[in-house]
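The structure under discussion appears below in the form of structure tokens.
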Amino acid sequence: MKSPSPSKIRPPREGEAPAAAALVIGAYLRAMRLARGLSGDDAAWTIGRSAATLSRLETGRLHRIADATELLESYGAADRHSLTAVEYLLQEPHRHILSDHAPGWLDRLHACLRQADTMVIYSSVSIPHVVRVPTYPTDILTQRLRGGEPNRVHPRASVTVDNGESVTLLMDELVLERLRSQPSVWSAQLSHLRQLATSAQGPRILVVPLEAGVIPLASLMYRMTLHGHDLVVQEGAGFALYYTGDDAVQGRHFLQTALAAGVPFEQTAVYLDEGPARFTEAAAGPVSSRGRA
């Protein structure tokens, strides 16, 4: 006989990171509430809870699984697939690891991206959407990475020259080499990245040289501060893996290594039109100055 499904999840102990599922679902619930234009008081009233309780569950301290599903129903997410997915994810036995490949996984990832206070993004495949020029083509691989799902919760707004101070973008050198194969957007995208990189309020953009030997763990990787908590995410083809607490150590180490190896985009951009050899030459100075072999 199967054990009854748990109706509650343990709140974090003093000094402990929240459960990955509670942090992700909390961000998703907050994004859904904001998308409906509801205040915290109004949303709390619909499920007979206090605004303080709603704030706790939206920031990773969710306790009752029923609160999450009742809120989703009140926000209009009445389809069985969405509700079952949330129930399933909140019963994930690995407290600080969440594997999300259930329907709506991309919505939940975008909800986290929208609410992050600070963010480091690592890309080894293509220019991330947040810094793309509008005409950038969507290739088959990018379509696979995005799972082919419609976005019900809008992704984080594009990073601009005025709003990117909290974002660091790390791009594998191969990302730029792949972009070179798209001549229709190469010049416009390069100009856009230069503009972002040289703005006082724009994002910090670093290029990771191939010679640095940084082997990506995923095609897209994020480290974000979400409601005061550290969250590491690997995005793959049709899924996202989330890590909190000690289970996020490996991802944090990888991103720290990539940060240390990164060359400022504005320093390397002048060489991009001259080919990979010139790029390697541009990267040699910063690489050696960091004491790496």
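For segment 160-190, applying the loop criterion from DSSP together with a ceiling of 12 other beta carbons within 10 Å to the GluC sites (Glu not before Pro) yields no site.
At most 14 other Cβ atoms within 10 Å and a DSSP loop assignment: could you name the trypsin sites (Lys or Arg not before Pro) in segment 1-89 that fit?
Values: sites: Lys2, Lys8, Arg13, Arg30, Arg33, Arg36, Arg49, Arg56, Arg61, Arg64, Arg80; in loops: Lys2, Arg13, Arg36, Arg49, Arg61.
Within segment 1-89, the qualifying trypsin sites (Lys or Arg not before Pro) (loop, at most 14 other Cβ atoms within 10 Å) are Lys2, Arg13, Arg36.
When Asp107, Asp246, Asp117 are compared by accessible area of protein heavy atoms, the largest-first order is Asp246, Asp117, Asp107, using a 1.4 Å probe. Could you compute the FRET efficiency for Ser187 and Thr118, with r as their C-beta to C-beta distance and R0 at 35 Å, rounded to 0.05? The value I calculate is 0.65.
Extension gain for the segment Glu70 to Ile215, taken as residue separation times 0.36 nm less the Cα-Cα distance, is 47.9 nm to one decimal.
The values are calculated or read from the model by the stated rules, or taken from the named source; none is laboratory data. Everything numeric here is computed off the predicted structure, so don't read it as measured data. When we count neighbours, we look across all protein chains shown, and the Cβ atoms used for this are built from the backbone with ideal geometry, even at glycine. Accessible surface areas use protein heavy atoms only, side chains included; no ligands, DNA or RNA. Shrake-Rupley method; radii C 1.70, N 1.55, O 1.52, S 1.80 Å.
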